[in-house]
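The values are calculated or read from the model by the stated rules, or taken from the named source; none is laboratory data. Small disclaimer: the values here were computed from a predicted structure and weren't measured. As a convention, Cβ positions derive from the backbone with ideal geometry for all residues, glycine included, and neighbour counts pool all protein chains shown. Calculation scope for accessible area: heavy atoms of the full protein, side chains included, ligands and nucleic acids excluded. Shrake-Rupley method; radii C 1.70, N 1.55, O 1.52, S 1.80 Å.
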Amino acid sequence: MKKLLIGLIFFCFGCSSSQKDIRSIEVICYNWDLKYPTESFKGKFYIQPKLYSILNLNGENLSYVCEFSPNKTEVYFHSKIDVKLITDLVKSLPEIDKSKVLVSSYKQDGCMESSSMFRLKVVYSNNEEKYYQYYFQNGSNIDSAIKKIYVALKINQIDGKYEKMKDTLSFAEKKKAIISFSMHNDTLAMPLPGLPVYNKVKFK
């Protein structure tokens, strides 16, 4: 009986050891976009987040969702998702780490666009941080873990299963920080193309 108890303790410790030091996980889904030049503005490349969330291991989260149809709307909210979704994501982190994904292209064809990218920031209890970058591939465990979290947060937002966020200022600062980090690292791996030139149409 004593051996069984000791074995059970080690088993439980082994299952939780990958999570026990994690304080929170930040997830951002984003695209690159372009503000086109005008007569007085030279244009600007920027990152537009579709979703940004700070997740605790118990499923509690502070989240931001940006919608563009029919008009641009931004929602800041607090909600809760299934704890298993977070557990599955933590288990997938080593796979994401191995993939070493970098932004592969920027496109300009009437609009600036890139494939949807995901960046994760894991914050540990000792304040250390680790970043992961990812884009969807074909049917991997990582795909499933990230998609399920994305869908769960979107469903909470669409169905109104949330509370309005109280402190948007500190949240916005963290969102700004991960956007700045993403811009720096993406352009380090692949420099942005040249800005388009403003062409003023003249009518006779």
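In terms of solvent-accessible area of protein heavy atoms at a 1.4 angstrom probe, what is the ranking of D21, D88, D159, D143, highest value first?
Numbers: D21 70, D88 40, D159 90, D143 5 Å².
So the residues, ranked largest to smallest area, are D159, D21, D88, D143.
Rounded to the nearest 0.05, what FRET efficiency is calculated for L169 and K80 with R0 set to 25 Å and r the Cβ-Cβ distance?
So, using R0 = 25 Å, E works out to roughly 0.65.
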message: Quick one: 3J(HN,Hα) in Hz for the stretch 118-126, Karplus 6.51/-1.76/1.60 with θ = phi - 60°, rounded, Gly and Pro as x.
response: 10, 10, 10, 10, 9, 10, 9, 4, 8
- prompt: Leaving out same-chain residues fewer than 8 places away, which aspartates and glutamates sit with a Cα under 13 Å from that of K147?
  reply: D88
- prompt: Where does the charge balance sit around M183 when Lys and Arg score +1, Asp and Glu -1, over other residues with C-beta under 13 Å from its C-beta?
  reply: +2
message: Keeping all protein chains in the complex and leaving out DNA, RNA and ligands, what accessible area do you get for I155 with a 1.4 Å probe, in Å² to the nearest 10?
response: 80
- line: Y64 neighbourhood, Cβ < 9 Å, K/R = +1, D/E = -1, net charge 0
query: If you add up the charges near K121, with Lys and Arg at +1 and Asp and Glu at -1, over every other residue whose beta carbon is less than 14 angstrom from its beta carbon, what do you get?
result: +1
